[in-house]
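**Q** I have a structure here, written as structure tokens, and I will follow up with some questions on it.
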Amino acid sequence: MTPKFAPYETDATPIYVVEKAGFGDWLDQQDTRISNWVTQSGFTAKLGAHSLVPDADGRIAMVPAGYGDADARDRGRFHLATVAKALPEGTYRMDNLPEDRLEEESLGWLLAGYAFDRYHTQSPAKATLVAPDGIDAPRLETIAAGEALTRDLINTPTSDMGPTQLE
């Protein structure tokens, strides 16, 4: 499977990236229904956490995604990839990710979709992301495709990597 961003959709489910320090302010800006749901679901903006907030019809209206604090983020990369793997099938968009993290987190999302399924079925992430404004989407898709090929080569036993198979 080639890692790709989803085509632009106006009805893509919004993901709101919420830092731990700004969680209270973000929660105060939401209407009571959303605020109550997020609070009762136990969401605390912990790095990699998320909550699925339903609309009146029971469909996913929004996804707050925890972005922790700077110290937690500095210890790793691709923090929203955890969210990408956990979300149900659908098309999503990130509305408020800091610009200095857009490319890294978008690439992480694409990499989260990787699954080595040559010998047995694996289920890759089913959530797709609309490319955020301000990133070079074709460049990130190329990087992710290269990473997927590299992972495939690493995961393939040498007995299945003769000249014919590699060709």
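The values are calculated or read from the model by the stated rules, or taken from the named source; none is laboratory data. Please read all numbers here as calculations on a predicted model, not as lab measurements. Glycine gets a Cβ as well: all are built from the backbone with ideal geometry, and neighbour counts include every protein chain shown. Protein only, heavy atoms only, side chains kept; ligands, DNA and RNA dropped before computing areas. Shrake-Rupley method; radii C 1.70, N 1.55, O 1.52, S 1.80 Å.
**Q** For the chain, return all DSSP H helices satisfying: extent of Cα atoms along own axis at least 18 Å; mean Kyte-Doolittle hydropathy at least -0.5. Kindly include the intermediate steps, with their values, before the conclusion.
**A** Working: long enough: 137-155 (27 Å, 0.06).
Passing helices, by number: 137-155.
**Q** Quick one: what Rg and Dmax do you get for the range 86-167 from the alpha carbons, in Å?
**A** Cα radius of gyration and Dmax of the range 86-167 are 15.3, 47 Å respectively.
**Q** Give me the accessible area per residue for the chain, probe 1.4 Å, as a whole number in Å². Working shown, then result.
**A** Values: 9740 Å² over 167 residues.
Ligands and nucleic acids excluded, the result is 58 Å² per residue.
**Q** Further question: Output needed for the chain: three equivalent-ellipsoid semi-axes, defined as square roots of 5 times the C-alpha gyration tensor eigenvalues, in descending order, whole Å.
**A** Values: eigenvalues 218, 55, 44 Å².
Calculated on Cα positions only, the semi-axes equal 33, 17, 15 Å.
**Q** Could you look at the range 85-167 and say what percent of its accessible area is carbon and sulfur, using a 1.4 Å probe and all protein chains?
**A** Numbers: 2430 of 4930 Å².
In the range 85-167, the share of accessible area belonging to carbon and sulfur is 49 percent.
**Q** Moving to a separate point now. Please grab the % of Cα pairs in the range 64-127 that end up more than 16 Å from each other. Before the final figure, lay out each step's value.
**A** On the way: 977 of 2016 pairs.
Roughly 48 percent, rounded to a whole number.
**Q** Further, regarding this structure: Carbon and sulfur together cover what percent of the accessible area of the range 1-51 at a 1.4 Å probe radius? Walk me through the numbers on the way to the answer.
**A** Values: 1600 of 3210 Å².
Ligands and nucleic acids excluded, carbon and sulfur reach 50 percent.
**Q** Would you work out which of His120, Gly58, Val17 lies farthest towards the positive end of the dipole of the chain? Charges go on Cβ: Lys and Arg +1, Asp and Glu -1.
**A** In the chain, that residue is His120.
**Q** Right, something else. Can you tell me the relative contact order of the range 61-152? Whole percent, Cα pairs under 8 Å, sequence separation 6 or more.
**A** Working: 100 pairs, mean separation 29.5, N = 92.
It comes to 32 percent, rounded to a whole number.
**Q** Report the normalised scattering of the range 11-84 as log10 I(q)/I(0) at q = 0.11, 0.12, 0.21, 0.28 Å⁻¹, calculated by the Debye formula with identical scatterers on the alpha carbons.
**A** Relative scattering, expressed as log10 I(q)/I(0), comes to -0.26, -0.31, -0.89, -1.37.
**Q** Let me ask another. Ignoring everything but the protein chains, give the 1.4 Å probe accessible area of His50 in square angstrom, nearest 10.
**A** The accessible area of His50 comes to roughly 60 Å².
**Q** Right, next: What size of dipole, in debye to the nearest 20, comes out for the range 1-138 about its Cα centre when the only charges are +1 on Lys and Arg C-beta atoms and -1 on Asp and Glu C-beta atoms? The partial results should precede the final answer.
**A** Values: 13 positive and 21 negative charges, 132 e Å.
Rounded to the nearest 20 debye, it is 640 debye.
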